[in-house]
Structures are given as C-alpha cells and as structure tokens.
Amino acid sequence: MNKEFEVCFFLLVILRSHCAEASSIVCDEPDCSKAKYNYDRESCLGPVNWSDITPCWSQCGGNRQSPVNIRRADATFSNIGSFTFNIGVQQAFQVSTFSKGFATTFKIENANIILSNVNQFGLTGSSFKLDGFHFHTGRYNSMMGSEHSFDDEFTPLELHLVFYNTKYPDVNTASTQSDGLVVIGVLTQASGGVWNSQFPDCQKTNQAELSRVLKKAFKKTEDYSEDELFFADLALKDLLPADQESFYTYEGSLTTPSCSETVTWIVMKCPITVSVNAIETFKNIKIQNDEEELGVHGNRRPVQRGQQNTPFTLLRNF
Ligand SMILES: [Zn+2]
C-alpha cells in the first residue's frame, strides 16, 4: 500500500513538473510584454526564432543585426579619433547588481559617466551616459562565449557597456531612436588560458579587481531575485583594455529582443582578462524563474553578419 502511494506520488511529481514546463513555453505570444525568449537552439524560443515570437521583436530578423564577425582585413581606416570620458579611468564609482533574465546587470549608482567625441555615423556632438554593463558567455566547457568574433575566433566572455544619448530621458526611450545607443563591446579572455595569436598587437592584462567583484556579484545573484543585492566600487580601467584608443565600429542592434537596430557598436581591438573562476561562477547562475543554470545554453546570440564577407560598413580608427 505504502509502495503504491510512493509510486503514485512519484508519477504525480513527474507529471506536474512536465506540465509546468510545457505550459511555460509559448512560441507565439501576441502580447509583447508577456513574450519570452531563450538560448536553446532546439526550442521555439531559441535565437533563430526570436523574430517570430511576438510582433514587436520583428527587428530580430532585420538586416543590421548584431553581433557580427569582425573580419579585420575588411575594416576600413577612418580618421574618427578616439572617444573620451568626463572622468579619469582610475576614478572609482559605485555599481549595483541584480539578476535580470539571462544576465546579471550592473547599474551605475550616483555617477554621471559621459562618453563624448564619438565621431562616426553622424554622432558628432552627441554625448552618451553610461547606464550599466553586463556580460555574455557560452555553455559549460565552451571557450566560445563572446558574441562578437575576430576572424571567426571567440573568447569565453564579452562585456557590454551600454550608453544612451543624453538628449533622451532614459535608456528605454533612447533604444527606440536611431541615434539612441552606443555600446562598447570588450572581448574578455580567461586568465590561465592561452594568450594566443588572437590579439597579436595587444598588451596582456589582468583585471584582478573586476574578477573579484564579478565572483562576489555572481555568487550573490546565483538564485534569481529582483532585489538589488550587491554594491561594489569599480573604475573604467577595470572595464577597458590597456589600449583604450583602438577600436572597430559599425551600425548594429541590441543582441537581445527587441533587437532594436539603434546601436552604434564600438568593439575594442584589445581584450581584457578575468579569472576562470569568475566566469564559472557566472555560468552557475540560475536563470530567471527557472531551475536551469546559465551554463546549460549560455547567453550568447550567434553571429548575424560577416561570416562570408562584410557587405556593411566596418570602420577602424587605428
Ligand atoms: Zn549585451
């Protein structure tokens, strides 16, 4: 009798978890605010299907989508100079962290970090405020974690620093405007890994302070919570490579739905380096309202352009 009860209970648990899983997946959601996406290539919510999930994500199927493969030989030199900041790269500012879907987002607290002298694609004269930053990575045991690649080669992690045009009140409003967003992408290596021919003209760096902060932040946000949980001090030098002058730039999009085609991308020529441990801790984070860990599918969108040739304007300033 007891045994029977146990078996029934076991079946009930399986059935319930199965039903819960099936009901949480809605492949076609007319209400944009309810739509969900993921990075599972087998799922109807996976990256190739993002544009079909809900009407306001149709731009995910557009023709200026990001990320791209940067074919170095295809980049055209342009005399656009280097961007500048209103604060020194050593100056500390406070960041706060909370889990948001597939990425632990770092917000800038009580600091106005302004990017200027962005002279490409008609942005001369505009200034951009740093809203926050986040990371993209790959699956467990995969070295392919960055969204952008250089000549088809990836790094285990990529940092995105998200800036919005100060002529708009906030990042969400700016993201709908053609001159709204600038994102600085920094390919990120894992310490202890090979410092290889991937970045031949770059100085080896080690972002020890960033590694320490990331490990703590990811550990804190491991179990999803909407609450802001963690505060830390960082400086721009922790988030940028030693060479802060040289970059590639092109016109692209957000790499997550809604995939708005309003981003001027600046992808730094040189990488930064964080500890393997920090990257592993990131992969252990549980995805929003889900028991699955980030490292099962990662949170990198596959390359959208530049695999074969570069039929779009890719500039370099060096
Ligand atoms: Zn991103």
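The values are calculated or read from the model by the stated rules, or taken from the named source; none is laboratory data. Treat the numbers as computed from the prediction; the structure is a model and nothing was measured. Here the Cβ is made from the backbone with ideal geometry for all residues, glycine too, and neighbour counts use every protein chain on show.
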Assuming L130 fulfils every condition listed in (1) surrounded by fewer than 22 Cβ atoms within 10 Å (Cβ to Cβ); (2) without any contact (Cβ under 8 Å) to a residue 40 or more places away in the chain apart from one, which condition is it? (1)
Output yes when any residue across segment 154-167 is more than 17 Å from the chain's Cα centre (by Cα), over 29 Å from N309 (Cβ atoms) and modelled with pLDDT under 95, and no when none is. no
Residue that is nearest to N309 (Cα to Cα), among those in segment 128-153 that are of a type in the set (S, T, N, Q) and either assigned to a loop (DSSP other than H, G, I, E, B) or within 13 Å of the ligand (Cβ to nearest atom) (or both): S146
Among V194, V118, which is modelled with pLDDT under 95 and away from the ligand (no atom under 16 Å from the Cβ)? V194
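Quick grid of which residues meet (1) among the hydrophobic types (A, V, I, L, M, F, W, C); (2) over 15 Å from C270 (Cα atoms); (3) in contact (Cβ under 8 Å) with a residue 24 or more places away in the chain:
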| residue | (1), (2), (3) |
| --- | --- |
| D152 | no, yes, yes |
| L159 | yes, no, yes |
| Y168 | no, yes, no |
| D179 | no, yes, yes |
| V182 | yes, yes, yes |
| T188 | no, no, yes |
| G192 | no, yes, yes |
What strands (runs of 3 or more DSSP E) completely inside segment 215-277 contain at least 1 residues that are among the polar types (S, T, N, Q) and crowded, with 20+ Cβ neighbours inside 10 Å? 247-252, 263-268, 272-274
State whether the residues of segment 72-90 include one that is over 23 Å from N119 (Cα atoms), surrounded by 17 or more Cβ atoms within 10 Å (Cβ to Cβ) and of a type outside the set (S, T, Y). no
Residues of segment 108-127 being free of Cβ contacts under 8 Å to residues at least 60 places away in the same chain and not in a loop (DSSP other than H, G, I, E, B), which ones? I108, I114, S116
Of the residues in segment 157-174, those that are surrounded by 20 or more Cβ atoms within 10 Å (Cβ to Cβ) and within 15 Å of the ligand (Cβ to nearest atom) come to L157, E158, L159, H160, L161, V162, F163, Y164
Residue that is nearest to S66 (Cα to Cα) [pool: residues in segment 136-155 that are surrounded by fewer than 24 Cβ atoms within 10 Å (Cβ to Cβ) and touching a helix residue (DSSP H, G or I) at 6+ places or on another chain (Cβ under 9 Å)]: F150
Being assigned by TED's automatic domain parsing to the domain that holds F128, under 19 Å from the mean Cα position of the chain (by Cα) and not in a strand (DSSP E or B): is that true of S211 here? yes
Based on this model, can you work out whether Q177 counts as surrounded by fewer than 23 Cβ atoms within 10 Å (Cβ to Cβ) and either among the polar types (S, T, N, Q) or over 16 Å from L240 (Cα atoms) (or both)? yes
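The rows are residues; the columns are (1) under 23 Å from L115 (Cβ atoms); (2) within 16 Å of the ligand (Cβ to nearest atom); (3) in contact (Cβ under 8 Å) with a residue 24 or more places away in the chain.
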site	(1), (2), (3)
Q198	no, no, yes
E222	no, no, yes
L229	no, no, yes
A242	yes, no, yes
G252	yes, yes, yes
Against the condition polar (S, T, N, Q), free of Cβ contacts under 8 Å to residues at least 40 places away in the same chain and not assigned by TED's automatic domain parsing to the domain that holds E291, how does N49 come out, does it pass? yes
Is there a residue in segment 63-82 that is among the aromatic types (F, W, Y), in the same structural domain as Y248 (by TED's automatic domain parsing) and under 26 Å from L123 (Cα atoms)? yes
